[in-house]
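Participant: Starting off with a structure, shown below.
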Amino acid sequence: MTTTTTSGAAEVELAIGGMTCASCAARIEKKLNRMDGVEATVNYATEKAKVTFREDVTVADLIATVEATGYTAREPRPARTEAESGTGAAATEADELLPLRQRLVTAVALAVPVIAMAMVPALQFEYWQWLSLTLTAPVVTYAAWPFHKAAWTNARHGAATMDTLVSVGTSAAFLWSLWALFFGSAGMPGMTHSFELTIARSDGAGNIYLEAAAGVTAFILAGRYFEARSKRRAGAALKALLELGAKEVTVLRGEREELVPVAELQVGDRFLVRPGEKVATDGTVVEGSSAVDASMLTGESMPVEVAAGDAVTGATLNAGGRLVVQATRVGADTQLARMAKMVEDAQNGKAAAQRLADRISAVFVPVVIVLAIATLGFWLASGASPTAAFTAAVAVLIIACPCALGLATPTALMVGTGRGAQLGILIKGPEVLESTRKVDTIVLDKTGTVTTGRMTLLAVHTAAGTDEKDALRLAGALEHSSEHPVAQAVAAGATARVGTLPAPEDFANVPGLGVQGVVEGHAVLVGREQLLAEWAMSLPDDLKRKKTAAEAAGRTAIAVAWDGEARAVLEVADAVKETSPEAIRRMRALGLTPMLLTGDNRAVAEAVAAEVGIAPEHVIAEVLPQDKVDVVKRLQGEGRSVAMVGDGVNDAAALAQADLGLAMGTGTDAAIEAGDLTLVRGDLRVAADAIRLARRTLGTIRSNLFWAFVYNVAALPLAAAGLLNPMIAGAAMAFSSVFVVGNSLRLRRFQPADR
């Protein structure tokens with residue numbers, strides 16, 4: 001599907017076919033980027049190209065360029081379409097891997113006896129070399145055909161890839177053996193073949209290399225097969241995310257219920273969600289109440305209670321009663337679809353280190369071919385036997401596969417971002433990972449991030465002889481009729497603690513002071529102390545002390561009186577989330593300095609900071625919304641690398657300015673779009689987990705690149721020196737790619753700190 005970016009350019013994602021190594025991806029990317037007005041990134045692991053292009057370029061032009069390079073391209077089908085059509089991910093994977101598996105089985109079945117006869121002199125009967133030739137021929141032709149085909153295609157376009165190395169190496173070994181058998185002495189009856197699986201210079205006694213041709217093909221095919229399987233597993237989290245949604249939905253058409261595919265659901269439609277069913281799309285509850293399990297999207301195991309007026313998210317599970325929901329977002333606009341898009345975009349990106357590896361891979365193959373020819377010439381010129389020289393040259397060709405370099409970043413990104421999506425952490429791209437390594441300061445917006453973002457009844461203080469439940473029942477009944485946020489907090493707290501509230505009589509709002517009315521025959525006043533003073537009432541000394549202490553802590557103190565006597569003080573404030581103190585401790589453990597940023601007065605800010613464990617000198621209070629970005633710039637000017645956590649529209653600019661922006665998914669779309677990491681849950685501990693996961697993913701990428709580079713740097717000199725048997729080289733090369741993918745798959749075991 002083609003989309004339009006904010007700059008007006010079009011953007012498309014193409015599925016690329018025929019890539020066999022990182023050099024292929026680098027070549028396609030280079031060809032696309034040579035087109036006027038085109039910017040492309042080709043990812044070998046995901047087998048996709050993300051292309052941005054001007055309006056005078058068409059998708060057909062892009063596909064034609066890829067095909068002219070020797071590969072295939074098409075716009076991929078949406079994963080949801082595939083899921084809804086009944087073809088599961090497992091079946092698709094099986095279809096893709098079947099040809100490769102058939103060639104692998106053929107190669108292994110025929111190569112094993114060839115290698116055994118070459119290694120064990122006792123198995124070398126009179127004409128064993130001719131049986132070896134018979135068994136090796138199908139391996140080098142049928143099983144290795146993808147290598148030869150790709151090498152020929154690339155050669156026609158004046159390019160060389162890893163397939164060129166494999167094709168040239170195995171063909172050279174096979175053709176040399178044919179020459180030796182038909183025109184040399186290798187075909188004579190009684191010929192024996194000494195073979196040692198040791199790193200030692202060949203003495204030239206062996207004059208056929210059928211075991212190398214068959215063994216290398218089998219090893220490389222095995223590496224390709226397990227690499228392909230691992231790549232599919234690495235992307236499994238994204239596939240699972242895309243398949244979470246419901247497939248059908250019961251839409252209410254007046255009084256009639258109609259079962260339709262989810263794709264036909266429209267904004268404004270009302271649909272039914274029975275217990276045990278998935279919510280079909282994002283919407284608002286219009287009827288019923290229930291507990292909704294959102295663990296598959298947020299990673300939070302505790303179900304959330306919802307009722308009329310509450311928002312629900314598509315793909316969450318109705319764990320309780322019957323709900324009627326009105327659709328507010330459908331298709332690509334839903335939270336599930338946006339999460340999947342963010343994960344896929346991240347997986348298609350490249351870290352700076354990987355771009356360097358890609359540039360190296362692009363020139364690596366031609367250099368290796370030249371090095372192999374130079375190795376052959378050097379040993380021949382130095383007086384070594386032709387077989388020893390040939391062994392070294394073939395080993396150079398086989399060992400030099402750049403695949404491990406090409407897989408280092410994308411596989412780690414696929415697994416890391418996929419695991420993050422399962423835990424409610426969305427990573428926007430590989431450049432985000434680089435930022436997490438440098439961050440040393442984390443700025444936390446107070447409201448909605450550290451605190452709940454809503455006023456809550458926190459404490460009730462009563463005069464001597466007054467029952468707390470009486471105070472809550474009378475004050476709550478009166479406040480229930482007021483629309484003020486503080487009044488609603490009192491009413492909600494009272495309902496939670498004492499149950500159903502009585503209906504008030506003669507209710508009146510006193511502007512700026514509070515409310516008054518009659519409840520259960522009692523004349524009740526709830527509000528500021530001045531309201532009580534107008535009725536000639538004052539708070540007792542102990543309640544005055546409680547009120548003063550509450551206000552010093554930044555809380556709102558509400559006086560309650562009835563029947564001519566002041567009887568209680570209620571404390572209301574934006575409550576700190578229960579998990580925030582633990583989150584701050586985890587951030588410190590990661591080497592971060594937490595700072596609290598708020599527009600509230602300093603007393604309120606310092607009270608919240610003290611509750612969660614932030615030092616007073618790290619509190620930045622009384623900041624206007626538009627000035628938050630200036631605070632981030634000032635901290636950066638002091639040499640700090642700043643992460644910012646926020647959830648509101650007024651946080652968007654600061655999130656974008658920060659070196660690392662973490663947007664709470666419970667917030668606004670503007671904040672989410674500005675953030676580098678999106679936290680689907682409103683739990684601040686997830687911010688620490690997100691940074692841990694991002695750093696772990698970056699560490700995996702770096703270790704992958706290190707071992708891939710070390711492998712090639714160390715192995716090439718050994719091969720050129722004639723100290724590496726071609727078959728061992730083939731096995732080692734295949735292992736390097738599997739090692740890189742296996743190392744990346746360890747990220748699937750990442751767990752939040754509280755598990």
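The values are calculated or read from the model by the stated rules, or taken from the named source; none is laboratory data. Source: prediction; values computed, not measured. Because the Cβ atoms are built from the backbone with ideal geometry, glycine has one as well, and the counts that use them run over all protein chains shown. To get the accessible areas, we keep the full protein, side chains included, count just its heavy atoms, and leave off ligands, DNA and RNA. Shrake-Rupley method; radii C 1.70, N 1.55, O 1.52, S 1.80 Å.
Participant: Does the stretch 338-353 hold any residues that are touching a helix residue (DSSP H, G or I) at 6+ places or on another chain (Cβ under 8 Å) and either modelled with pLDDT of 80 or more or in a loop (DSSP other than H, G, I, E, B) (or both), and which are they?
Facilitator: The answer is Gly349, Lys350, Ala351.
Participant: Looking at Trp562, is it exposed (fewer than 14 other Cβ atoms within 10 Å of the Cβ) and farther than 22 Å from Ala607 by Cβ?
Facilitator: On the way: exposed (fewer than 14 other Cβ atoms within 10 Å of the Cβ): no; farther than 22 Å from Ala607 by Cβ: yes.
When the stated conditions are applied, Trp562 does not pass them.
Participant: Consider Ala118 against the criteria (1) of a type outside the set (Val, Ile, Thr); (2) in contact with a Phe, Trp or Tyr (Cβ under 6 Å, 6 or more places away or on another chain); (3) not in a helix (DSSP H, G or I): it satisfies all of them except one. Which criterion is unmet?
Facilitator: (3)
Participant: Given the options Glu534, Glu520, Glu582, Glu505, name the one that is within 52 Å of the chain's Cα centre (by Cα), farther than 30 Å from Asp630 by Cβ and charged (D, E, K, R).
Facilitator: Values: Glu534 fails: within 52 Å of the chain's Cα centre (by Cα); Glu520 fails: within 52 Å of the chain's Cα centre (by Cα); Glu505 fails: within 52 Å of the chain's Cα centre (by Cα).
On inspection, the qualifying residue turns out to be Glu582.
Participant: Here's a check for you: in the stretch 565-586, which residue that is open to solvent by less than 50 Å² (accessible area, probe 1.4 Å) and out of contact with any strand residue (DSSP E or B) (no Cβ under 8 Å at 6 or more places or on another chain) is farthest from Ala609 (Cα to Cα)?
Facilitator: Arg586
Participant: Give the number of residues within the stretch 592-611 that are under 15 Å from Ala688 (Cα atoms) and either surrounded by fewer than 23 Cβ atoms within 10 Å (Cβ to Cβ) or modelled with pLDDT under 90 (or both).
Facilitator: Final tally of qualifying residues: 3.
Participant: Take Thr556 and tell me if it is under 28 Å from Ile614 (Cβ atoms) and of a type in the set (Ser, Thr, Tyr).
Facilitator: Values: under 28 Å from Ile614 (Cβ atoms): yes; of a type in the set (Ser, Thr, Tyr): yes.
Spelling it out, Thr556 is indeed under 28 Å from Ile614 (Cβ atoms) and of a type in the set (Ser, Thr, Tyr).
Participant: What are the residue pairs meeting all of these: first residue in the stretch 164-193, first residue β-branched (Val, Ile, Thr), second residue assigned to a loop (DSSP other than H, G, I, E, B) and surrounded by fewer than 23 Cβ atoms within 10 Å (Cβ to Cβ), Cβ atoms under 6 Å, and 6 or more apart or on different chains?
Facilitator: Thr192/Gln124
Participant: Which number in (1) at pLDDT 80 or above; (2) under 20 Å from Ser580 (Cβ atoms); (3) among the polar types (S, T, N, Q) marks the one condition that Gln636 misses?
Facilitator: (2)
Participant: I would also like to ask the following. Determine the pairs where a residue that is surrounded by 20 or more Cβ atoms within 10 Å (Cβ to Cβ), located within the stretch 268-291, has a partner that is aromatic (Phe, Trp, Tyr) with Cβ atoms under 7 Å apart, the partner being 6 or more residues away or on another chain.
Facilitator: As it stands, the answer is Ala280/Phe271, since those pairs meet every condition given.
Participant: If you don't mind, there's one more thing I want to ask. Looking only at the stretch 614-628, which residues are over 20 Å from Glu551 (Cα atoms), open to solvent by 30 Å² or more (accessible area, probe 1.4 Å) and either modelled with pLDDT under 90 or within 30 Å of the chain's Cα centre (by Cα) (or both)?
Facilitator: Those that are over 20 Å from Glu551 (Cα atoms), open to solvent by 30 Å² or more (accessible area, probe 1.4 Å) and either modelled with pLDDT under 90 or within 30 Å of the chain's Cα centre (by Cα) (or both): Leu624, Pro625, Gln626, Asp627.
Participant: For the stretch 290-312, what are the residues that are assigned to a loop (DSSP other than H, G, I, E, B) and at pLDDT below 85?
Facilitator: Hits for the stretch 290-312 are Ala294, Gly299, Glu300, Ser301, Met302, Pro303.
Participant: Right, next: Select from the stretch 677-691 the residues that are part of a helix (DSSP H, G or I) and touching a strand residue (DSSP E or B) at 6+ places or on another chain (Cβ under 6 Å) and write down the one among them that is nearest to Leu747 (Cα to Cα).
Facilitator: Ala690
Participant: Could I ask something else about it? Can you tell me which condition Ala549 does not meet? The list is (1) modelled with pLDDT under 90; (2) part of a strand (DSSP E or B); (3) of a type in the set (A, V, I, L, M); (4) open to solvent by 50 Å² or more (accessible area, probe 1.4 Å), and all the others hold.
Facilitator: Status for Ala549: all satisfied but (2).
Participant: Right, another one. Could you say which residue among Glu67, Glu82 is assigned to a helix (DSSP H, G or I), open to solvent by 30 Å² or more (accessible area, probe 1.4 Å) and at pLDDT below 80?
Facilitator: Glu82
Participant: Then there is this: Quick check on this structure: which one of Thr451, Thr495 is open to solvent by less than 30 Å² (accessible area, probe 1.4 Å), within 51 Å of the chain's Cα centre (by Cα) and among the polar types (S, T, N, Q)?
Facilitator: Thr451
Participant: Still on this model: Would you pick out the residues in the stretch 316-337 that are modelled with pLDDT under 85, out of contact with any Ser or Thr (no Cβ under 8 Å at 6 or more places or on another chain) and either within 26 Å of Thr700 (Cα to Cα) or open to solvent by less than 40 Å² (accessible area, probe 1.4 Å) (or both)?
Facilitator: Thr316, Ala337
Participant: Pick from the stretch 14-54 the residues that are among the polar types (S, T, N, Q) and open to solvent by 10 Å² or more (accessible area, probe 1.4 Å): which of them is farthest from the chain's Cα centre (by Cα)?
Facilitator: The residue in question is Asn33.
This table checks each residue for (1) open to solvent by 60 Å² or more (accessible area, probe 1.4 Å); (2) at pLDDT below 85; (3) of a type in the set (Ser, Thr, Tyr).
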{"site": "Arg640", "(1), (2), (3)": "yes, no, no"}
{"site": "Asp647", "(1), (2), (3)": "no, yes, no"}
{"site": "Ala656", "(1), (2), (3)": "yes, yes, no"}
{"site": "Val686", "(1), (2), (3)": "no, no, no"}
{"site": "Leu693", "(1), (2), (3)": "no, no, no"}
{"site": "Gly699", "(1), (2), (3)": "no, no, no"}
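Participant: Just for the stretch 424-438: of the residues that are open to solvent by 10 Å² or more (accessible area, probe 1.4 Å) and at pLDDT 75 or above, which one is farthest from Thr20 (Cα to Cα)?
Facilitator: Lys438
Participant: Return yes when Ala589 is over 23 Å from Asn509 (Cβ atoms) and either of a type in the set (S, T, N, Q) or surrounded by fewer than 19 Cβ atoms within 10 Å (Cβ to Cβ) (or both) and no when it is not. Steps first, answer last, please.
Facilitator: On the way: over 23 Å from Asn509 (Cβ atoms): yes; either of a type in the set (S, T, N, Q) or surrounded by fewer than 19 Cβ atoms within 10 Å (Cβ to Cβ) (or both): yes.
The answer is yes for Ala589.
Participant: Pairs please, first residue from the stretch 139-150 and closer than 10 Å to Asp163 by Cβ, second anywhere and in a helix (DSSP H, G or I), Cβ atoms under 7 Å, 6+ apart in sequence or on different chains.
Facilitator: Between residues of the stretch 139-150 that are closer than 10 Å to Asp163 by Cβ and residues that are in a helix (DSSP H, G or I), the close pairs are Ala144/Thr170; Ala144/Thr217; Phe147/Asp163; Phe147/Val166; Phe147/Ser167; His148/Ser167; Ala150/Asp163.
Participant: Go through the stretch 567-593 and count every residue that is out of contact with any Gly (no Cβ under 8 Å at 6 or more places or on another chain), among the aliphatic types (A, V, I, L, M) and under 11 Å from Thr452 (Cα atoms).
Facilitator: Qualifying residue count, the stretch 567-593: 2.
Participant: Can you tell me which residue among Ala172, Ala137, Ala150 is modelled with pLDDT under 80, within 30 Å of Thr72 (Cβ to Cβ) and either surrounded by fewer than 17 Cβ atoms within 10 Å (Cβ to Cβ) or small (Gly, Ala, Ser) (or both)?
Facilitator: Ala172
Participant: Restricting to the stretch 503-539, and then to whatever is in a loop (DSSP other than H, G, I, E, B) and closer than 28 Å to Asp574 by Cβ, can you tell me which residue is modelled with the lowest pLDDT? Give the derivation first.
Facilitator: Here is the first cut: in the stretch 503-539, the residues in a loop (DSSP other than H, G, I, E, B) are 503-504, 511-513, 520-521, 528, 535-539.
Imposing the further condition that a residue be closer than 28 Å to Asp574 by Cβ reduces the set to 504, 511-513, 528, 539.
Numbers: Pro504: 89, Pro511: 77, Gly512: 72, Leu513: 83, Arg528: 87, Leu539: 90.
So, considering only residues that are in a loop (DSSP other than H, G, I, E, B) and closer than 28 Å to Asp574 by Cβ, the one modelled with the lowest pLDDT is Gly512.
Participant: Now a separate question. Output the number of the condition that Leu197 fails; it satisfies all remaining conditions of (1) modelled with pLDDT under 65; (2) surrounded by 18 or more Cβ atoms within 10 Å (Cβ to Cβ).
Facilitator: (2)
Participant: Identify all residues within the stretch 521-531 that are closer than 21 Å to Met455 by Cβ and out of contact with any Asp or Glu (no Cβ under 7 Å at 6 or more places or on another chain); write none if there are none.
Facilitator: Val524, Leu525, Gly527, Arg528, Glu529, Gln530, Leu531, listed by residue number.
Participant: A further question follows. Look through the stretch 153-169, keep the residues that are open to solvent by 10 Å² or more (accessible area, probe 1.4 Å) and of a type in the set (Val, Ile, Thr), and return whichever of them is farthest from Ala25 (Cα to Cα).
Facilitator: Val168
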